[in-house]
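Reading through the structure tokens given below for one structure.
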């Protein structure tokens, strides 16, 4: 059979559709498998933490005490520490990452952009325990005598900035998380910005726009959904990070009263307590914390997806 005949059969609909059906079926099974894995994890966590939910109900989410001796468990301090440290990391890393990505994709010469991009991507390969050690011995003392002391002196009358400055606490954990999620935001945002068609830039430049106007009014709006996707991925890592945060957050089972107070996240609490937890209510409560962390992650990702949907007017995007 000649190539022309074979092509005509395919175009006319008489060719075999079996490869297409196999491909479609395979991708469907794999996609469904990922969903089933997520559901299975949620079911396992829920089944293993039934003792806690039966004893405390939804009061487990609002409880502030964690005392294995009296069998009193509450998740609020760890929920607050997780959300506050992650949001603080995003406040620091999102604008810094976006500006870095714009510089690498739009402004930096090739001889400078290539090595800087490589160095930023290598930052993501550093083990979290190594970053944690650096945070303990270098970052924490530096923040204590500089940024934290300055903020306490200037804004200490505001409760959220109240001292004293310990050097270990919520603020240091947020800075560590910002450093860890920065490579993700920069790398993805740079790729998205670099993928904006040149016609978008040329059209703005032809109208007499400056470089900044071109980037802010043509490039960024076109790449907005991808940039939000990069922030979502960074948020996902910040929520689940364990070792580096455990080493600098202070590990106090209390709702942080200020940015500089010691705190604890859900992930750090599970990591520090799971190996020593006895069977029964304490183990069930730690597993319940894992279920809460899964719920927080899903809720924030769904919220972010809705924001992307609204920002793009309902157009289909890939994040």
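Taking every residue in segment 241-266 that is in contact (Cβ under 8 Å) with a residue 60 or more places away in the chain and on the phi > 0 side of the Ramachandran plot and pairing it with any residue that is surrounded by fewer than 19 Cβ atoms within 10 Å (Cβ to Cβ) and not in a strand (DSSP E or B), at least 6 positions away or on another chain, the pairs with Cβ-Cβ distances below 8 Å are 250/166.
One line per residue, one yes/no per condition, for (1) at pLDDT below 90; (2) buried (at least 17 other Cβ atoms within 10 Å of the Cβ); (3) assigned to a helix (DSSP H, G or I):
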residue	(1), (2), (3)
273	yes, yes, yes
282	yes, yes, yes
286	no, yes, yes
290	no, yes, yes
299	yes, no, yes
303	yes, no, yes
310	yes, no, yes
313	yes, no, no
317	yes, no, no
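Which residue is farthest from residue 194 (Cα to Cα), if the candidates are limited to segment 92-114 and must be in a helix (DSSP H, G or I) and free of Cβ contacts under 8 Å to residues at least 24 places away in the same chain? Ranking the candidates gives 95 first. Residues in segment 54-64 that are surrounded by 11 or more Cβ atoms within 10 Å (Cβ to Cβ) and without any contact (Cβ under 8 Å) to a residue 40 or more places away in the chain: 4 in all. Residues of segment 157-178 that are in a helix (DSSP H, G or I) and either in contact with a helix residue (DSSP H, G or I) (Cβ under 7 Å, 6 or more places away or on another chain) or buried (at least 24 other Cβ atoms within 10 Å of the Cβ) (or both): 161, 170, 171, 172, 173, 174, 175, 176, 177, 178. Hey, residue 223 hits all of (1) within 25 Å of residue 113 (Cα to Cα); (2) at pLDDT 90 or above; (3) touching a helix residue (DSSP H, G or I) at 6+ places or on another chain (Cβ under 6 Å) but one; which does it fall short on? Only one criterion in (1) within 25 Å of residue 113 (Cα to Cα); (2) at pLDDT 90 or above; (3) touching a helix residue (DSSP H, G or I) at 6+ places or on another chain (Cβ under 6 Å) is unmet by residue 223, namely (2). Of everything in segment 52-86 that is more than 14 Å from residue 269 (Cα to Cα) and out of contact with any helix residue (DSSP H, G or I) (no Cβ under 8 Å at 6 or more places or on another chain), the residue that is modelled with the highest pLDDT is 54. Can you tell me which condition residue 122 does not meet? The list is (1) surrounded by 15 or more Cβ atoms within 10 Å (Cβ to Cβ); (2) out of contact with any helix residue (DSSP H, G or I) (no Cβ under 6 Å at 6 or more places or on another chain); (3) modelled with pLDDT under 90, and all the others hold. The one condition residue 122 does not meet is (1).
The values are calculated or read from the model by the stated rules, or taken from the named source; none is laboratory data. As the structure is a prediction and not an experimental result, all values here were calculated from the model. Virtual Cβ from ideal backbone geometry, glycine too; neighbours counted across all protein chains shown.
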